[in-house]
Amino acid sequence: MSSSDQNTPDPSPRPGRLTAAAACAGLEALALVVGGGYLLVMGLLGRPDDPQQSVMGGLTLVALGVIPLLAARGLLLRRGWSRGPAVATQFMALPVAWTLLNSSGALIPAGIALAVVAVTALVLLINPATTQALGIGRPDGAEEHA
């Protein structure tokens, strides 16, 4: 396959599972950027206990939001490399969801939502239709050798 073939969009329709996985990654990116923006603004304008820590936490969350955002875009464009960062994001989200579930108040529903999105995205990302649409796995016609 030449490099120009890799840049040519696949003419077949994108599987719904792939679009849904991209939506999950995009949703997580949005949550990270919004949460980071909130911490950043509160650190700069509010009166947190430690403004420097709030600003750094906000910048860190915004920077971390770039990973699932790029993964979501890659999934929509059917780039095989995008599945790795998308799966890694889900594995990072699961301990965060667990921590939120073991807290109190409004954090519990946030933990439930995060766990549902992360598990859903993982199931979608490992689905054979998704891997095939991304061109991951055996080339067409390749037989498995024992």
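Tabulated data
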item: Yes/no for Leu100 being open to solvent by less than 60 Å² (accessible area, probe 1.4 Å) and either within 26 Å of Ile136 (Cβ to Cβ) or of a type in the set (Val, Ile, Thr) (or both); result: no
item: Considering residues of segment 103-113 that are in a loop (DSSP other than H, G, I, E, B) and either in contact with an Asp or Glu (Cβ under 9 Å, 6 or more places away or on another chain) or open to solvent by 50 Å² or more (accessible area, probe 1.4 Å) (or both) only, the residue nearest to Met42 (Cα to Cα); result: Ala106
item: Checking Val33 against (1) modelled with pLDDT under 95; (2) in contact with a helix residue (DSSP H, G or I) (Cβ under 8 Å, 6 or more places away or on another chain), the condition it does not meet; result: (1)
item: Selection from segment 56-90 of residues that are more than 29 Å from Val41 (Cβ to Cβ) and either among the β-branched types (Val, Ile, Thr) or open to solvent by 50 Å² or more (accessible area, probe 1.4 Å) (or both); result: Leu76, Leu77, Arg79, Trp81, Arg83, Val87
item: Hits in segment 14-55 - residues which are open to solvent by 70 Å² or more (accessible area, probe 1.4 Å) and hydroxyl-bearing (Ser, Thr, Tyr); result: Tyr38
item: Where a residue in segment 24-35 is under 10 Å from Leu64 (Cβ atoms) and in a helix (DSSP H, G or I) and its partner, wherever it lies, is open to solvent by less than 20 Å² (accessible area, probe 1.4 Å) and among the hydroxyl-bearing types (Ser, Thr, Tyr), with Cβ under 9 Å and at least six apart; result: Glu28/Thr89; Ala29/Thr89
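The values are calculated or read from the model by the stated rules, or taken from the named source; none is laboratory data. Everything numeric in this text was worked out from a predicted model, so none of it was measured. A quick note on method: Cβ atoms are made from the backbone with ideal geometry, for glycine too, and the neighbour counts reach across all protein chains shown. Protein only, heavy atoms only, side chains kept; ligands, DNA and RNA dropped before computing areas. Shrake-Rupley method; radii C 1.70, N 1.55, O 1.52, S 1.80 Å.
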